[in-house]
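**Student:** Just passing along the structure, written as structure tokens.
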Amino acid sequence: MSASASNSFESNELLKNSSLYREFQAEREEILKHKWLESEKAGYDIGFEWALTDWIMKHRSKWRKSRQLSAH
């Protein structure tokens with residue numbers, strides 16, 4: 001493995017292990033669940049952007065508070 005490839009790999013591993021990245025991944029999973037549920041209700045794929053906007057408006061605040069409380 002070249003030095004640049006090794007550094008890139010190490011950077012990716014640090015990113016994946018960061019708390020910010022884990023929070024991003026957890027939030028993304030919630031949005032994808034919301035997209036699936038709302039698409040099932042609607043009978044068609046609502047799209048990621050609509051699901052993202054809807055989830056942020058309806059659920060993000062409560063979800064974040066819940067995550068913060070469970071972290072303590």
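The values are calculated or read from the model by the stated rules, or taken from the named source; none is laboratory data. Keep in mind that this is a model prediction, so the values were computed, not measured. Quick reminder, even Gly has a Cβ in these numbers, built from the backbone with ideal geometry, and neighbours come from all protein chains shown.
**Student:** From the set of residues in segment 1-49 that are over 15 Å from the mean Cα position of the chain (by Cα), part of a helix (DSSP H, G or I) and modelled with pLDDT of 85 or more, which is farthest from residue 68 (Cα to Cα)?
**Tutor:** Our first condition is that a residue be over 15 Å from the mean Cα position of the chain (by Cα); within segment 1-49, this holds for 1-14, 37-47.
Now narrow it down to the ones that are part of a helix (DSSP H, G or I): 3-14, 37-42.
From what is left, the residues that are modelled with pLDDT of 85 or more are 37-42.
Values: 37: 25, 38: 26, 39: 29, 40: 30, 41: 30, 42: 32 Å.
Restricting to residues being over 15 Å from the mean Cα position of the chain (by Cα), part of a helix (DSSP H, G or I) and modelled with pLDDT of 85 or more, the top hit is 42.
**Student:** Residue pairs, Cβ under 7 Å, 6 or more apart or interchain, first in segment 40-60 and closer than 17 Å to residue 26 by Cα and surrounded by 11 or more Cβ atoms within 10 Å (Cβ to Cβ), second among the β-branched types (Val, Ile, Thr) and at pLDDT 95 or above. List them.
**Tutor:** Close Cβ pairs satisfying both conditions: 51/31; 52/31; 55/31.
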